[in-house]
Amino acid sequence: MTNALPQVYRGSAVGKVILLGEHAVVYGSRAIVVGLDRGAEAEVRAASVAELLLGAERHRLEQTPSAAELPAARAFRALLATLGAGNVAAQVRLGIPAGAGLGASAAIGVALARAVTGLLGARGLPQPAVAGAALAWENVFHGNASGVDTAAAEHAGCLSFRRGELPQKLSPARPLELVVALVESGASTRRMVEGVAQRRSAEPARMDALLDGIAALVARAQPCLERGDQLELGQLMTQNHELLVQLGVSTPKLDRAVRSALDSGALGAKLTGAGGGGCALALVEKGCRSNVLQTWRSSGLECWEKRAD
Ligand code: MEV
């Protein structure tokens, strides 16, 4: 008699920063997104009860869903159902901060979906697309996710994304030197997206003009990126921040971080992600990268660098 432990299957996926286009992308406009070097790693194995270990939180899925089920458990249930997987025990490790606009939940969803499809494939079962399962996971947290975060988590690199379409890979003519700072803990993406939707119902003309303005910046940014005009790309990012301020999703701390990056020589700076807190992003030239890093670090901000080519 053998007593072998069930085989472990692994999946990983990356976090993201949005260069331009957050919030407008929810309403069908394009966004430009860059995958980070880190994200989430998942391990799964067949089990008698479905269970998700997320950091220190353990979510055990009962046979019948209850109203008291937490979002992570509901999201895991939705992911397993979309993949047609039975009971699976999963464990996730996160390499980026959660709730900071860096696409942590999408990275977890894609990493889990990849690991579970690996398990299904080993059993000779059909392996449905990772994207649909990751979006089912993501929608439990975000309600009306455009899919930009899950696309970045799945494909990495630099992408042009529009809701409902396959993402297009972009090739920057010159590598993008980016600096990211964790400015403050973020608000929930669901709450920020709902806030924009409520303001849009109350003031449709003003909000639609802002969303159209963001879409126009994205349309101008894509050719800048492809011909290596980073001066203009940076200016477009800063203009995008100003429109996000008017949309009501920035905070005084994010505005201060953007201003100090620009004063330190960044080509452009903005909040990245849903806002209400979270991270600021700066496009820099090699020469001013250390200035921006020093400015942000001396204000106590945790920073990362990312080179995208
Ligand atoms: C969040 O990273 C980006 C938002 O546009 C929401 C979404 O597109 O799902 C705020």
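Couple of notes before you dig in:
- Any hit, region 73-81, residues being among the aromatic types (Phe, Trp, Tyr) and closer than 26 Å to residue 169 by Cα: no
- Filter result for residue 98 (buried (at least 24 other Cβ atoms within 10 Å of the Cβ) and either within 16 Å of the ligand (Cβ to nearest atom) or at pLDDT 95 or above (or both)): no
- Selection over region 213-238 of residues that are under 26 Å from residue 142 (Cβ atoms) and in contact with a helix residue (DSSP H, G or I) (Cβ under 8 Å, 6 or more places away or on another chain) gives a count of 8.
- Within region 144-164, the set of residues being open to solvent by 10 Å² or more (accessible area, probe 1.4 Å), over 21 Å from residue 40 (Cα atoms) and more than 9 Å from the ligand (Cβ to nearest atom) comprises 162, 164.
- For residue 62, the criteria (1) free of Cβ contacts under 8 Å to residues at least 60 places away in the same chain; (2) under 20 Å from residue 110 (Cβ atoms); (3) open to solvent by 70 Å² or more (accessible area, probe 1.4 Å) hold in every case but one, which is (2).
- Subset of region 20-57 (residues that are open to solvent by 10 Å² or more (accessible area, probe 1.4 Å), of a type in the set (Gly, Ala, Ser) and within 13 Å of the ligand (Cβ to nearest atom)): 28, 29
- Restricting region 106-142 to residues that are within 21 Å of residue 27 (Cβ to Cβ) and either within 9 Å of the ligand (Cβ to nearest atom) or of a type in the set (S, T, N, Q) (or both), the residue that is nearest to the chain's Cα centre (by Cα): 106
- Scanning region 250-272 for residues that are touching a residue at least 24 places away in the same chain (Cβ under 8 Å) and more than 14 Å from residue 292 (Cα to Cα) gives 250, 251, 253, 254, 271, 272.
- Contacts under 6 angstrom Cβ, first residue in region 129-158 being under 30 Å from residue 172 (Cα atoms), partner within 10 Å of the ligand (Cβ to nearest atom) and among the acidic types (Asp, Glu), 6 or more apart: 145/138; 150/138
- Looking across 88, 17, 92, one residue alone is within 16 Å of the ligand (Cβ to nearest atom), in contact (Cβ under 8 Å) with a residue 40 or more places away in the chain and open to solvent by less than 30 Å² (accessible area, probe 1.4 Å). It is 17.
The values are calculated or read from the model by the stated rules, or taken from the named source; none is laboratory data. These numbers come from a predicted model, not from an experiment. Please note: Cβ atoms are built from the backbone with ideal geometry, for glycine as well, and neighbour counts cover all protein chains shown. The protein model used for the area step is the full one, side chains on, heavy atoms only, and it has no ligands, DNA or RNA in it. Shrake-Rupley method; radii C 1.70, N 1.55, O 1.52, S 1.80 Å.
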